[in-house]
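For reference, the structure discussed in these notes is given below.
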There are 2 protein chains.
Amino acid sequence: MGLTDEIGAQPAIAERLLRELPDELAPLAAAARNGRIGYVLIAARGSSDHAAIYAQYVLGALARLPVALATPSLFSRYATPPRLAGALVIGISQSGRSPDVVAVIEEARRQRALTAAMTNDPASPLAVAAEHPLDLRAGTELSVAATKTYTAQLMAIAMLAVALGDAEATEHEALSRVPDAQRAALEHADRVSVIADAHAGLVDCAVLGRGFNLATAFEWALKLKELAYVRAQAYSSADFQHGPVASLAHGGDVLAVVARGPLAADTAELVARLRKERRARLLVLADHLPFPDTLPEWLSPLVDIIPAQLFTAALARAKGLDVERPRGLKKVTLTS
Amino acid sequence: MGLTDEIGAQPAIAERLLRELPDELAPLAAAARNGRIGYVLIAARGSSDHAAIYAQYVLGALARLPVALATPSLFSRYATPPRLAGALVIGISQSGRSPDVVAVIEEARRQRALTAAMTNDPASPLAVAAEHPLDLRAGTELSVAATKTYTAQLMAIAMLAVALGDAEATEHEALSRVPDAQRAALEHADRVSVIADAHAGLVDCAVLGRGFNLATAFEWALKLKELAYVRAQAYSSADFQHGPVASLAHGGDVLAVVARGPLAADTAELVARLRKERRARLLVLADHLPFPDTLPEWLSPLVDIIPAQLFTAALARAKGLDVERPRGLKKVTLTS
């Protein structure tokens, strides 16, 4: 199992979650119906933290729950944990062995808050610490760069949002279409490779996204750093105009995930302006990198990240880099 | 009033807030005592968003309140605002005219949640929309890059944290020492200039921080982008090891804010490792850039940012840039 296999495994994992996760989500849905959940607090690092950004939007929009991202060091190092009454506290970690994420869940249980854990290993310390472990069922991930774990996390979060909200039939139907949409995105691998070859000189860039796909911009930028050694910096396209745009060199590279829905016009307008005023070289996910746009916006991050993964892996190869052994990285980083 | 004057005005503004803000904070302190505040939700953009990162730590540690950063587009564009029962909702905006931040406060009032607004203009739409306006008293900020507004926001947030927590005499005493500590930091401007001149070739860098000073790293990186056109990317030093380190070129530049307190050893160890294994060129706030380390860690961000501001302004001048007119920026950016 190398990176290519793990990217290719994503639709089958989404199918498995659709079949098997609902039983694990049921007690959390019951807690929401009983008014036990006032807001959600998520502890995560790395790619899992980008899944948490998606959770802010999808739990906000579908379940109308505010989502806070935890500051793990307040729990693990400063010994001044916040009070968590009314919170559903979720730890997200591929390995389930990140000590600071485990510390948040352990403190939440001590305070008798509702706890859940999304991990790839039901025997991990994080899964054991949480009252409600949610198994991501993605199988062992060998590549240092997370791909199938990331979309498994998004799928579990989307299913959780539907379960905690006033689930509508249209939402369940849309969820069921995710695996096929992911499969269709994977079919464009060759075309994406050609585009990546043309970008072999890419050394730094801004990556813009907004709304549900802000998570896609952050995750794409992290893959670019890990695999292709590109100094890629992700921004909300709204924040980018508040200062960072000054650091964009004339003719600099900008990658953008064009949002659908209510923010589409804003992003398109910004992209056009960067092209005209700053002569930016633009690579737009949706325009240049093809993928099937068949899902509602709230599920689009589960598909949009696939051409970004394919592009980044192909770019790393075009640069002659070893995608299985990025410099300076280990699969599990233990920060506490 | 140019940038240099605004940087120099910070101690006097902190003094004014110490004298005049407590009256405006009193009703919020009463609400906390009556158990009305379960958690805090903050809406902000740009430098104000970095003040919100500081709020996550200081409100967590002193008032034991979890802090969520709002996703304004859920309120302003998607028309699916989360339910805000139990929240204290705070909008932070220099101008008080950011439409998406105003939208969050207006929705929170509609839901009868407790609302506050930190702005420089008590007549602004944000101040008018909030039940409890908190006037930052920083005076008109003419420079595009926020400096005195940022530390005024940190001061108001630190005072709020003390007011909402079980205020101890030592905390009030520490707050009263902020203006003098800021004055002492300003006295090192000449020495900082010499260091900035030696970095005139800086074009990209990582900026690392953690805990209370994660906000300092983010704010420093934004100033570097706005004023000196450096592609500076801020990271939690914990997150940096989870992937982004791969994108650091051999001999690349790393700026670091060394935390005091429980995280000091971790940051120092990471800095040493980057120097040894990656031959990184390091500029460490505390080691290379001097400032008076006389405040407890939770107040240190109010002083640490000052040598970073001085360094960045001097660097911009060393590069021959006009700090009053950064390319592509306006003082007030209206995103909705």
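The HN-Hα couplings worked out from phi for the range A:80-89 by the Karplus form 6.51 cos²θ - 1.76 cosθ + 1.60 (θ = phi - 60°) are 10, x, x, 7, 10, 4, x, 9, 9, 9 Hz, whole numbers, x standing for Gly and Pro. Close amide H pairs (under 5 Å, H built 1.01 Å from N) link B:LEU88 with B:GLY38, B:TYR39, B:VAL40, B:LEU41, residues at least 5 positions away or on another chain.
By how many degrees, 0 to 90 and rounded to 10, does the Cα axis of helix A:99-110 deviate from the longest principal axis of chain A? Between the helix axis and the principal axis of chain A, the angle is about 30 degrees. Mean per-residue shielding of peptide B:74-86 is 6, counting Cβ atoms of other chains within 10 Å of each Cβ. The distance linking the range B:130-150 with the range A:100-179 is 40 Å (Cα centroid to Cα centroid, whole angstrom). Using the Kirkwood radius over C-alpha pairs as Rh, can you work out the diffusion coefficient of the range A:3-176 via Stokes-Einstein at 25 °C, viscosity 0.890 mPa s, in µm² per second? Here the translational diffusion coefficient equals 154 µm²/s.
For the protein assembly as shown, compute the orientation-averaged projected area of the C-alpha convex hull (one quarter of its surface), in nm².
Details: hull surface 100.7 nm².
With every direction weighted equally, the projected area is 25.2 nm².
Taking each residue as 0.36 nm, the span from A:ALA167 to A:ASN34 lengthens on full extension beyond its C-alpha to C-alpha distance by 46.4 nm. Between B:SER176 and B:ARG279, the FRET efficiency estimated from the beta carbon spacing at R0 = 41 angstrom works out to 0.40. Mean partner shielding of peptide A:218-230, defined as the number of other chain Cβ atoms within 10 Å of each residue Cβ, is 3. The angle between the Cα long axis of helix B:47-63 and the main principal axis of chain B comes to about 70°, on a 0 to 90 degree scale. Across the range A:179-318, the fraction of Cα-Cα pairs farther apart than 25 Å, rounded to a whole number, is 20%. Once you reduce the range A:182-207 and the range A:25-51 to the center of their Cα atoms, the two points are 34 Å from each other. Peptide packing: for B:33-44, B:284-295, the average count of neighbouring Cβ atoms within 10 Å per residue gives the ranking B:33-44, B:284-295, highest mean first.
Each other copy places its own label point for A:GLY320 at 3.5 nm from this one, sorted shortest first, where the point lies 7 Å along the Cα-to-beta carbon line. If only the Cβ of Lys and Arg carry +1 and only the Cβ of Asp and Glu carry -1, the dipole of the range B:206-336 around its Cα centre is close to 580 debye.
Would you list A:HIS132, A:HIS50, A:HIS250 from fewest to most Cβ contacts within 10 Å?
Details: A:HIS132 18, A:HIS50 27, A:HIS250 9.
Taking fewest neighbouring Cβ atoms as first place, the list is A:HIS250, A:HIS132, A:HIS50.
Between the beta carbons of A:ALA26 and B:ASP5, assuming R0 = 56 Å, the FRET efficiency works out to 0.35 to the nearest 0.05. Sorting A:LYS330, B:LYS225 from the fewest to the most surrounding beta carbons within 10 angstrom yields A:LYS330, B:LYS225. Inter-copy label distances at A:GLU20, using a point 7 Å along Cα-to-Cβ, come to 6.3 nm with the shortest given first.
Ranking B:ILE53, A:ILE90 by Cβ neighbours within 10 Å, fewest first, what do you get? Mind showing how you got there, number by number?
Values: B:ILE53 25, A:ILE90 31.
Ranked by crowding around the Cβ, least crowded first: B:ILE53, A:ILE90.
With angles folded into 0 to 90 degrees, how steeply does helix A:22-33 sit against the dominant principal axis of chain A? Use alpha carbons for both and round to 10. Here the helix axis deviates by roughly 70 degrees. Pairs of Cα atoms nearer than 8 Å and 6+ residues apart set the relative contact order; for chain B it is 20 percent.
For the protein assembly as shown, a crude dipole built from +1 on the beta carbon of Lys and Arg and -1 on the beta carbon of Asp and Glu, taken about the Cα centre, is about 560 debye to the nearest 20. Projecting 7 Å from Cα along the Cα-to-Cβ direction, the label point of B:LEU282 sits 4.2 nm from its equivalents in the other copies, listed shortest first. In order along the range B:206-216, the Karplus-derived 3J(HN,Hα) couplings, from 6.51 cos²θ - 1.76 cosθ + 1.60 at θ = phi - 60°, round to 9, 10, 10, x, 7, x, 4, 8, 4, 4, 4 Hz, and Gly and Pro are given as x. Put simply, when B:170-177, B:72-79, B:214-221, B:60-67 are sorted by average Cβ atoms within 10 angstrom per residue, most first, you get B:214-221, B:60-67, B:72-79, B:170-177.
Beyond 21 Å in Cα-Cα separation lie the following of the pairs A:LYS225/B:LYS223; A:LYS319/B:LYS319; A:LYS148/A:LYS330; B:LYS223/B:LYS319: A:LYS225/B:LYS223; A:LYS319/B:LYS319. Cα-based radius of gyration for chain A, normalised by 2.2 N^0.38 Å, reads 0.96.
Dipole magnitude for chain A: computed about the Cα centre from +1 point charges on Lys and Arg Cβ and -1 point charges on Asp and Glu Cβ, it is near 920 debye. Volume of the convex hull of the range B:90-139 (Cα atoms only), normalised per residue: 51 Å³.
Taken together, the values in this text are just the output of simple stated rules run on the coordinates, not laboratory data. None of the values given here were measured: they were computed from a predicted structure. We place every Cβ from the backbone using ideal geometry, glycine too, and count neighbours over all the protein chains shown.
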